[in-house]
Structure formats: structure tokens, C-alpha cells
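The values are calculated or read from the model by the stated rules, or taken from the named source; none is laboratory data. It should be emphasised that the depicted structure is a prediction, and the values quoted were computed from it without experimental measurement. Here the Cβ is made from the backbone with ideal geometry for all residues, glycine too, and neighbour counts use every protein chain on show. Each accessible area value is taken on the protein alone, full model and side chains, heavy atoms only, with ligands, DNA and RNA left out. Shrake-Rupley method; radii C 1.70, N 1.55, O 1.52, S 1.80 Å.
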Amino acid sequence: MPTKRTPRNRNVKRRISQAAVEAFKANDYLALHRALSLRPWEMSPLPRDIEPLGCDPERPPNSRTTLFDQSYEQAVELQRALLETSK
């Protein structure tokens, strides 16, 4: 009997919780990663000026060879969503 399985590479939708918004406002890298369930190798949505492991929408990474650089688009989207909800 065939089974219906969830694909491994499914797009994960991250919910912006109140804890994530508070961690973003406090510039707390670890609390933000926990609240958004980000993996250790994923780029932080905090601005690069505040956190060296953060993202800057104006300056994308030169190469997309590492998992960190591949998570750039996700970090920018999360940063925009957090900025909208924190207003």
C-alpha cells in the first residue's frame, strides 16, 4: 500500500512570534535563533551592523557555496517581516 510522505526539502514557513519580535528588538542573536527555530548554519535576520553573522539586503554574499550563504534570501525575508511587525 503506497504512503504519502512529506518531502525532505519542503519549504519551511517560519512564524513570527512575539518572542522573536522581542529578541529582534533586543538584538539578541541566540534568543532570535531559538524563537525562529533557525539552524546553527543559517544566517541571522539581524542587521550585519549589529551582528557579524547577520544579513544586509544591500550586500548579498559573493558566492553561494556554503550553507550559510545559501540562507541569505531567507534571512532577508525574515528581517523584512520582523521590521514590519516591530513597528
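Quick notes on this structure:
- Within the stretch 43-87, the residues that satisfy the criterion of being within 10 Å of the chain's Cα centre (by Cα) and acidic (Asp, Glu) are 73, 77.
- Matching residues in the stretch 19-68 - criterion: being aliphatic (A, V, I, L, M), open to solvent by less than 70 Å² (accessible area, probe 1.4 Å) and not in a loop (DSSP other than H, G, I, E, B): 19, 20, 21, 23, 31, 32, 35, 36
- Any chance residue 30 is in contact (Cβ under 8 Å) with a residue 24 or more places away in the chain and in contact with a helix residue (DSSP H, G or I) (Cβ under 9 Å, 6 or more places away or on another chain): no
- Within the stretch 70-86, one or more residues are surrounded by 12 or more Cβ atoms within 10 Å (Cβ to Cβ), modelled with pLDDT under 90 and among the small types (Gly, Ala, Ser).
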